[in-house]
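Submitted below is the structure of interest, expressed as structure tokens.
We did not get these values from a lab; they are worked out from the coordinates using the rules stated. Every value quoted in this text rests on a predicted model; they were computed, and no experiment measured them. Because the Cβ atoms are built from the backbone with ideal geometry, glycine has one as well, and the counts that use them run over all protein chains shown.
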Amino acid sequence: MADPYAPPPYPPAQNPGYPPVQDQGYSGYPPQSAAPYPPAQQTATTVVVQQQPVIQQSVVFRDRPVLVTDSNGQQVTTQLQFKSGALTWLICCAICWLTGFWCLALIPFCIDDTKDVYHITPTDGRVVGVYKRL
């Protein structure tokens with residue numbers, strides 16, 4: 001007896017005028033050998049950068065000239081330039097307040113030992129260090 005729930009048999013598909021289609025494993029993507037563009041050529045570029053070693057000397061800037069290396073690589077002795085700083089003004093205000101004579105308060109501006117010291121290279125005039133007294 002035939003199964004009453006089985007689907008009815010269908011007639012074989014008729015394809016008038018067309019050759020039969022063979023299954024070639026087509027998955028919806030083009031085959032690997034049929035790439036639309038040629039493969040890109042990969043090139044590797046190697047960049048080698050060599051840096052000159054920089055030897056940084058530990059220089060302590062005080063109120064005396066020091067030996068430093070300038071921007072040209074030459075060993076030079078710094079020149080000193082004295083400028084009024086915080087200690088100069090503090091001493092000026094203290095003298096003026098304690099004595100009451102403003103003319104005595106100008107004395108710290110005439111003494112280099114109360115001023116800040118700027119170390120300057122003689123070759124290019126660049127400030128390489130500062131010694132602040134306060």
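Between LEU90 and VAL60, what is the label-to-label distance in nm when each label sits 7 Å out along the Cα-to-Cβ direction?
According to this spin-label approximation, the distance is 2.0 nm.
To continue, here is another question. What distance in nm lies between label points placed 7 Å from Cα along the C-beta direction at ARG133 and LEU106?
Calculated label separation equals 1.8 nm.
How do the peptides 79-89, 93-103 rank, highest first, by the average count of neighbouring beta carbon atoms within 10 Å per residue?
79-89, 93-103
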